[in-house]
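Notes follow the structure.
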Amino acid sequence: MRIIQCLHQNRPLAALVENEQTVRLTDADTYTLARRAIADGRGLAEVIEASLTETCLDYQQLIEEARLLPPLTHADPAHCLVTGTGLTHLGSADTRSAMHAQAQADESELTDSMRMFKLGVEGGKPAAGETGAQPEWFYKGDGDCVVAPEAPMPVPAFAEDAGEEPELAGLYVIGDDGQPWRIGYAIGNEFSDHVTERFNYLWLAHSKLRHCSFGPELLIGELPEHLEGVSRIVRDGETLWEKQFLTGEANMAHTVANLEHHHFKYQGFRRPGDVHVHFFGTATLSFADGIKTRDGDRFEIALPAFGRTLRNPLAFVTEDTEFSIHSL
């Protein structure tokens, strides 16, 4: 089952994707449906089926009228936390290490990126009941950093780069008892500043404080083991760059369960009622191929199992908002 979320009569509502042309509205937004499922002890798919209305909408018209929303939102953006993990995919270490330094055969001369990647390869898929290797982790922001599918991706004036990162994202709601509930998965563009990161990997935290996008569709159910997608950049109507990417656990050094464990083990990430968007990493970047994006370029991330392509044009900000620090 796949759902979207859209504005209808000035209300956010979830809608079932019936086919490429049509979606059927439910009676509530995705967050409300998820909370309903948790409270009732029912599966989300069952709750969605029971909440369907007779109202069908044209999918393309929603896009043209800019009514698409991220497939999961919280009414208060401060209660949506956006985070992620890196060096999780087979091949991701080569991309990252090439940005930072050339890895050597001698263990003592491996870059920190390669050491982190090796930890995942050796211990990222633990046996049942065991705790696996801890992955790299980063914070992107709260719900205000998320832009809707098809909406412009802002690039701050201080940014050194604006690069896509095609990833899977896990979407979660925390129950009233503090237990995390995964409601599904979505295509994500984790979007980072790779020039800033390349200068010194200790600036990774700075490079991740950018906007991101995910959706338009939320996949409910089991995640396929092997997924093949395409990431591209379109400039002036022509494809500037395009590359296949692989994801799913068959192409990862970690299990999703291990990545989830090392995120939600922190009590502060189990606050009742919160929404979490957690990116699972990538191994494919246009930046690694020497691409420099510019205003108006459009990112397109396609993963057939997830329905429609996630698309966002770039919007470079020419001047950052002025501010000053005051003393009280």
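Side notes on the structure shown:
- Answer from 229, 281, 221 - the residue that is in a loop (DSSP other than H, G, I, E, B) and under 15 Å from the mean Cα position of the chain (by Cα): 281
- Among the residues of region 56-94, the one identified as touching a Lys or Arg at 6+ places or on another chain (Cβ under 7 Å) and hydroxyl-bearing (Ser, Thr, Tyr) is 83.
- Residues (outside any helix (DSSP H, G or I), modelled with pLDDT of 95 or more and not hydroxyl-bearing (Ser, Thr, Tyr)) located in region 192-210: 193, 209, 210
- The residue that is most open to solvent (accessible area, probe 1.4 Å), counting only those in region 280-328 that are over 30 Å from residue 258 (Cβ atoms) and either of a type in the set (Val, Ile, Thr) or in contact with a helix residue (DSSP H, G or I) (Cβ under 8 Å, 6 or more places away or on another chain) (or both), is 325.
- The single residue among 170, 175 that is more than 16 Å from the chain's Cα centre (by Cα) and either closer than 24 Å to residue 251 by Cβ or open to solvent by less than 10 Å² (accessible area, probe 1.4 Å) (or both) turns out to be 175.
- Hits in region 113-124 - residues which are without any contact (Cβ under 8 Å) to a residue 60 or more places away in the chain and open to solvent by less than 40 Å² (accessible area, probe 1.4 Å): 114, 123
- Taking first residues from region 251-270 that are open to solvent by less than 40 Å² (accessible area, probe 1.4 Å) and partners that are of a type in the set (A, V, I, L, M) and part of a helix (DSSP H, G or I), the Cβ contacts under 7 Å between residues at least 6 apart in sequence or on separate chains come to 253/121.
- Scanning region 125-152 for residues that are closer than 22 Å to residue 188 by Cβ and hydrophobic (A, V, I, L, M, F, W, C), we see that the one that is most open to solvent (accessible area, probe 1.4 Å) is 137.
The values are calculated or read from the model by the stated rules, or taken from the named source; none is laboratory data. All values derive from a computational prediction rather than experimental measurement. In this analysis, Cβ positions are derived from the backbone assuming ideal geometry, glycine residues included, and neighbour counts consider all displayed protein chains. Each accessible area value is taken on the protein alone, full model and side chains, heavy atoms only, with ligands, DNA and RNA left out. Shrake-Rupley method; radii C 1.70, N 1.55, O 1.52, S 1.80 Å.
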